[in-house]
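**Student:** Sending over a structure as structure tokens; questions will come in a sec.
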Amino acid sequence: MGTWRDRVTQSLGDAASRSGVLSETAGKIFAVLYLNPGPLSLDEISREVGTSKGNASVQVRELLDLGMVRKVWVRRSRRDYYEAVTDLWSIAAEVIGRRLEQEARSLLAAVSETEKELPDAAGDLVRGRLMSMRLFLELVAAGIEGFRRGEVMSPDALRKLAS
């Protein structure tokens, strides 16, 4: 990596790869768009990132779904152009929220299945703790959904989620 732009692009690609939500290529595409002063076409994006146009298209769709980029109209062009969303807080909320929600829902599914298959010999203590864990995870999943939607988590809102 030679230039500062290359270092930032690679660092965002690496971070995206570790996120469990985005691929390295998607992270690099976001970096290229974020650091560019204007929108870029898929051809330009794929050239900048060093990937195929088809792969760039797939990754851009994922970034669109996450709200990290948006499609923009460029005068006198029939191509699709994209630019980065620069509200890093909303991006972080979405990416972190998705990752936490994936983990909570995965654990919730495992606990729910375990509750169904638990032998009678497991006892009331284990049943009570699994039920408590399931309820907690349901609350966490609902709270994360609210966080991702930008809802204010006031005490009243949390009580509503818990009921």
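The values are calculated or read from the model by the stated rules, or taken from the named source; none is laboratory data. Everything numeric in this text was worked out from a predicted model, so none of it was measured. Here the Cβ positions follow ideal geometry from the backbone for every residue, glycine too, while neighbour counts run over all protein chains shown. Remember, those area values only see protein heavy atoms, side chains included, never the ligands or the DNA or RNA. Shrake-Rupley method; radii C 1.70, N 1.55, O 1.52, S 1.80 Å.
**Student:** Between residue 145 and residue 14, what length comes free when the chain is fully extended (0.36 nm per residue of separation minus the Cα-Cα distance, one decimal in nm)? Don't skip to the answer; put the middle values down first.
**Tutor:** Values: separation 131, 0.36 × 131 = 47.16 nm, distance 2.60 nm.
Taking residue 145 through residue 14 to full extension adds about 44.6 nm, to one decimal.
**Student:** For the chain, state the average projected area of the convex hull of the C-alpha atoms over all orientations, rounded to one decimal in nm². All intermediate terms of the calculation are to be shown ahead of the outcome.
**Tutor:** Details: hull surface 54.2 nm².
If you wrap the Cα atoms of the chain in a convex hull and average its projections, you get 13.5 nm².
**Student:** Moving to a separate point now. Does anyone have the angle between helix 53-66 and the longest principal axis of the chain? Alpha-carbon axes, 0 to 90°, nearest 10?
**Tutor:** The helix 53-66 is inclined about 50 degrees to the chain.
**Student:** A further question follows. At 1.4 Å probe size, with every protein chain present, just tell me what the per residue accessible area of the stretch 1-156 comes to in Å². Write out the running numbers ahead of the final one.
**Tutor:** Working: 9630 Å² over 156 residues.
Value returned for the stretch 1-156: 62 Å² of accessible area per residue.
**Student:** Report, to the nearest 10°, how far helix 4-19 tilts away from the longest principal axis of the Cα atoms in the chain, using its own Cα long axis and a range of 0 to 90°.
**Tutor:** Its long axis makes an angle of about 20 degrees.
**Student:** Here's a follow-up. Return the calculated 222 nm mean residue ellipticity for the chain, to the nearest 500 deg cm²/dmol, obtained by summing -39500 (n - 2.57) across DSSP H runs with n ≥ 4 and dividing by the residue count.
**Tutor:** On the way: 7 runs with 114 residues, N = 163.
Mean residue ellipticity, 222 nm, calculated: -23500 deg cm²/dmol.
**Student:** Please return the longest range in the chain lying between exposed loop sites, taking trypsin sites (Lys or Arg not before Pro), DSSP loop only, at most 16 other beta-carbon atoms within 10 Å, and leaving the sites out.
**Tutor:** That would be 1-74.
**Student:** Please state, to two decimals, what the Cα-based radius of gyration of the stretch 51-130 comes to when divided by 2.2 N^0.38 Å (N = residues). Intermediate results must be reported in sequence, preceding the final value.
**Tutor:** Details: Rg = 21.8 Å, N = 80, 2.2 N^0.38 = 11.6 Å.
Expressed relative to 2.2 N^0.38 Å, the Cα Rg reads 1.88.
**Student:** Taking 0.36 nm per residue of separation and subtracting the Cα-Cα distance, what length does fully extending residue 113 through residue 55 add?
**Tutor:** Values: separation 58, 0.36 × 58 = 20.88 nm, distance 3.70 nm.
Separation in residues times 0.36 nm, less the Cα-Cα distance, equals 17.2 nm.
**Student:** Helix 24-35 versus the longest principal axis of the chain: what angle, 0 to 90°, nearest 10, using Cα atoms?
**Tutor:** 50
**Student:** With a 1.4 Å probe and every protein chain kept in, tell me what percent of the accessible surface of the chain is carbon plus sulfur. All intermediate terms of the calculation are to be shown ahead of the outcome.
**Tutor:** Values: 5630 of 10300 Å².
The computed percentage sits at 55.
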